[in-house]
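Taking it in order: structure first as structure tokens, then the write-up.
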Amino acid sequence: MTIALFCAAVALSACTPTMENPMTGSANPSDPATVKAQVEQLKQALRDVQALQTETQRVIGAQKWAPFENPVNGGCRTNDGKEGVNYRVIMDTTETLDLDDSVKSVKSFWESKGFTTRTETNPQDPGVIRLYADKNGGHLLSFSANLKGSSLDMDTVCIAGDQTAIYKELYPEIYGAPSNPSPSPTAK
């Protein structure tokens, strides 16, 4: 009887569902399926912020914008305190703008997209207006307008995950192959 119960328990345990979700991988942050899902979320977050950046540039006007070394990855923390990775995209222009009008236009546009904004000036740095915005989920944006030009600095949402594992998946040529390499090359 004991052997029969043991065999039944083994058979039932084989049918026990795992904690793996095909969209997000397992609960283990270093699991290859989880890391692949996080990388895809990160890539989508980058596409989203690049689209927002393009829309913001249209709102500002027809200036010629130049990117810094973009995009740049970095470590971050999610709203609930988990470690993760995000992208930062920075563009600038040396063309001058009507400072007040451009800041008002960007502020109105970002608020229409659900961002909370705040404007800062510094009496010790006259002629510079900085507009900051954030949104639940981690987007951090800034627009700085001054007499010599303007800049846009935008962070994607923070994607929770193991930074080293994500970097190995994103940049195997730099960080070494991921623990379970994907069958196709990873796009950057």
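Report yes if Thr94 is surrounded by 14 or more Cβ atoms within 10 Å (Cβ to Cβ), touching a residue at least 12 places away in the same chain (Cβ under 8 Å) and not charged (D, E, K, R), otherwise no. Against the criterion (surrounded by 14 or more Cβ atoms within 10 Å (Cβ to Cβ), touching a residue at least 12 places away in the same chain (Cβ under 8 Å) and not charged (D, E, K, R)), Thr94 does not qualify.
Looking only at residues in region 3-59 that are at pLDDT below 90, assigned to a helix (DSSP H, G or I) and of a type in the set (Ser, Thr, Tyr), the one that is most open to solvent (accessible area, probe 1.4 Å) is Ser13. Against the conditions (1) modelled with pLDDT under 90; (2) at positive phi, Thr93 satisfies every one except (2). Taken together, the residues in region 114-140 that are without any contact (Cβ under 8 Å) to a residue 60 or more places away in the chain and within 26 Å of the chain's Cα centre (by Cα) amount to 17.
The values are calculated or read from the model by the stated rules, or taken from the named source; none is laboratory data. A quick note: this is a predicted structure, and the numbers were derived from the prediction, not measured. Here the Cβ is made from the backbone with ideal geometry for all residues, glycine too, and neighbour counts use every protein chain on show. Side chains are part of the model used for accessible areas, which takes the heavy atoms of the whole protein and leaves out ligands, DNA and RNA. Shrake-Rupley method; radii C 1.70, N 1.55, O 1.52, S 1.80 Å.
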